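Shown next, in structure tokens, is the structure this report addresses.
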Amino acid sequence: MSQQIYPVPARAKEQSHLTPQDYARMYAQSVEDPETFWAEQAKSLDWVTAPTKIKNTSFDAHNVSIKWFEDGELNVTYNCIDRHLATRGHVTAFIWEGDDPHSHDIITYHRLHDEVAKIANGLRKLGVGKGDRVAIYMPMIPQAVYAMLACARIGAVHTVIFGGFSPNAIADRVNNCQAKVLMTADEGLRAGKQIPLKANVDSALAEHDCPSMEHVVVYKHTGNDVDWGKNDVCWDELTAQCSTDCPPEVMNAEDPLFILYTSGSTGQPKGVVHTTGGYLLWASITHKYVFDYKPGDIYWCAADVGWVTGHSYIVYGPLANGATSVMFEGVPTYPDVRRIGQIVDKHKVNILYTAPTAIRALMAHGDFPVEGISGESLRLLGSVGEPINPEAWHWYYTTVGQSRCPVVDTWWQTETGGAMITPLPSVTAMKPGAASHPFFGVQPALVDGQGNELHGATDGNLIITDSWPGQARTVYGDHERFVQTYFTTYPGTYCTGDGARRDEDDYFWITGRVDDVLNVSGHRLGTAEIESALVSHHAVAEAAVVGYPHDLKGQGIYVYIMANEGVEVNEELTKEVSNWVRKELSPIATPDLIQWSSGLPKTRSGKIMRRILRKIAANEYEQLGDTSTLADPGVVDTLIEQRLNR
Ligand code: WTA
């Protein structure tokens, strides 16, 4: 753990929203008198009916109920678009940069309004209304944002499915939330390659029963040929006759805005539900303070709208603040590893927000990623998605940020709606690798395995003791699962599933998941999902998946497999199984290492001891812990021997 401290850079203090004194005062009020604090902050949104009831929340496992601003009414897109039009309609909302370095587009707030209104009217024509679910499976093009906002305009609930997911994952999500329309594109483009989005949707709907699905709206992005079925609707034809006037639906603050599926330690991904008022306030206020965003700044969040980072920090937060964002279709390494720097220079980016995995991938090329790059427009850097190792932090700070830009290492989760523990650029002296201090209203604590609160400098399980406006409200269709997952481990508190260390200066350092969730290149994956894809292959009798340290990905996917009897295990089969997971789930879930074995370490009651498998995968054989409870302790020696012989 690096204990080097970097003071707030001089330039970050000038003209910033907050001084350290402001933060201390506002934080104290936010936790001591949340009603007054959040009533005041909520005035930054435009309400149809201003809320009079501010906070009504309970973490009691018998009655988990989270409501903020419950009598308020508003529309998210009015806040993200319409309210900017009178004075700032000509301002750029998005600078879209295509995969091909020669393609880009400018979307002003006026244009955003018209595009969103047209497709929102198009959805209404298809019979979509308030409360209906709409799935969105799109590449990183402006139409993905139009689609999300069109849903919010008419009160429909979107669920964005990451463009890297396979047909099975699409069908599971569509069926779980009973989506009646799916919006997609013919193809995506990444690093010059076509991604067959429409074909994936076709397979999802052909190979699975999706009775709720009525129409697939297809945007022609590459224009290449795709199959058109009788329920497919061409985006341009649908919107051709649609008006640019689409009155926003008035929504209650607690009406759902979106569902986003995320992996947990057990079972299939959960549909995390975010609602309208609290989420929008959280996304916008964190965007404003964490990035010290001011009008005129060019801001670039290099995430994908398929993940929560894209929802909060490409779409809802920046737009509510009237920001100008770069939206990037491609990947950091195409045409070569200078692409990020080139985009920064081309669009004069001031604020860059990306993930440690991207930083590590570039860093592996030394100074080449910044060769010929000025980078002088940058004034702030952000990191999200996984712990940033100090080496990557330093490279980011010195090579990209030229030692003058604060780095905000933002810790948060799909369930939290936005940043929770993070440095503030004009407030926090930085320690490389520390997420540092809680944002307004966030009350973190550390507990031991029994739930006893730990004080002072210590390691522990990270919990949050009271609600904040951006918190997820439930798991779609399964409130009991929401309660079980987050509120029963340490009753009366929100359990994050992360471990953390608090140091002597009260800085929090996130150490990673303490459950069976993997973080592979910043992508959250459940071991249970990967295992279920594996056992659906005919050669696999049983499988156990664990994470292990991986230089570039942060965590790699290590797979232990027991083959079915009579199956001949060879390299070809290993490849086949690996491809199977890619196809069943997603290329991001591709195993890094597969170890075939004749047995798995199990307790006498048949539970796989993952703790031991994790140690073996990480090549740590000294502290295997107690193996005496294993049904067959000999299995461990065999596994170690096989691992060493790899
Ligand atoms: C991890 C992404 C350390 C963490 C926004 C969390 C981090 C999970 C950080 C959520 C960070 C995210 N430092 N770890 N700055 N940010 N994580 O839901 O384990 O995709 O629980 O949300 O990512 O991943 P999710």
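Of the residues in the range 359-368, none is within 16 Å of the ligand (Cβ to nearest atom), among the aromatic types (F, W, Y) and outside any loop (DSSP other than H, G, I, E, B).
The residues of the range 226-268 that are without any contact (Cβ under 8 Å) to a residue 24 or more places away in the chain and in a loop (DSSP other than H, G, I, E, B), listed by number, are W228, K230, N231, Q241, P247. Restricted to the range 459-473, and to residues there that are within 23 Å of A42 (Cα to Cα) and open to solvent by less than 30 Å² (accessible area, probe 1.4 Å), the residue that is nearest to the ligand (Cβ to nearest atom) is A472.
Where strands (runs of 3 or more DSSP E) sit wholly within the range 139-212, those with at least 3 residues that are over 22 Å from A320 (Cβ atoms) and at pLDDT 95 or above occupy 181-185, 188-190, 193-195. If you filter the range 304-317 down to residues that are over 20 Å from L189 (Cβ atoms) and either within 11 Å of the ligand (Cβ to nearest atom) or among the aliphatic types (A, V, I, L, M) (or both), you find that the one that is farthest from the chain's Cα centre (by Cα) is V315.
Annotation for the range 521-534: no member residue is open to solvent by 40 Å² or more (accessible area, probe 1.4 Å), in contact with a Ser or Thr (Cβ under 6 Å, 6 or more places away or on another chain) and farther than 16 Å from T414 by Cα. Across the range 493-505, a minimum of one residue is classified as among the charged types (D, E, K, R), within 11 Å of the ligand (Cβ to nearest atom), within 22 Å of the chain's Cα centre (by Cα) and modelled with pLDDT of 95 or more.
Here's a check for you: in the range 377-403, which residue that is in contact with a Lys or Arg (Cβ under 9 Å, 6 or more places away or on another chain) and more than 22 Å from K553 (Cβ to Cβ) is farthest from the ligand (Cβ to nearest atom)? Taking the candidates together, the pick is S377.
For first residues located in the range 413-427 and more than 13 Å from P438 (Cβ to Cβ) and within 8 Å of the ligand (Cβ to nearest atom), partners that are modelled with pLDDT of 95 or more and in a loop (DSSP other than H, G, I, E, B) and lie 6+ apart or on another chain with Cβ distances below 8 Å form the pairs Q413/M420; T414/W307; T414/A472; E415/Q471; E415/A472. Being open to solvent by 50 Å² or more (accessible area, probe 1.4 Å) and hydrophobic (A, V, I, L, M, F, W, C) holds for only one residue in V250, V218, and it is V250.
Take Y490 and decide whether it is in contact with a Gly (Cβ under 8 Å, 6 or more places away or on another chain), more than 15 Å from the ligand (Cβ to nearest atom) and either under 30 Å from T590 (Cα atoms) or of a type in the set (D, E, K, R) (or both).
No, not satisfied.
Conditions tested, residue by residue: (1) open to solvent by 20 Å² or more (accessible area, probe 1.4 Å); (2) more than 17 Å from F165 (Cα to Cα).
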| residue | (1), (2) |
| --- | --- |
| T266 | yes, yes |
| V273 | no, yes |
| G278 | no, yes |
| A283 | no, yes |
| G306 | no, no |
| S312 | no, yes |
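Picking from residues in the range 605-646 that are within 20 Å of E531 (Cα to Cα), in a loop (DSSP other than H, G, I, E, B) and free of Cβ contacts under 8 Å to residues at least 40 places away in the same chain, the one that is most open to solvent (accessible area, probe 1.4 Å) is K607.
When A320 is tested against (1) more than 16 Å from the ligand (Cβ to nearest atom); (2) under 30 Å from K67 (Cα atoms); (3) in contact with a Pro (Cβ under 8 Å, 6 or more places away or on another chain); (4) of a type in the set (A, V, I, L, M, F, W, C), only condition (3) is not met.
The values are calculated or read from the model by the stated rules, or taken from the named source; none is laboratory data. Here the structure is a predicted model, which means the values were calculated and not measured. With ideal geometry, Cβ positions are generated from the backbone for all residues, glycine too; neighbour counts draw on all protein chains shown. What goes into the accessible areas is simple: the full protein's heavy atoms, side chains included, and nothing from ligands, DNA or RNA. Shrake-Rupley method; radii C 1.70, N 1.55, O 1.52, S 1.80 Å.
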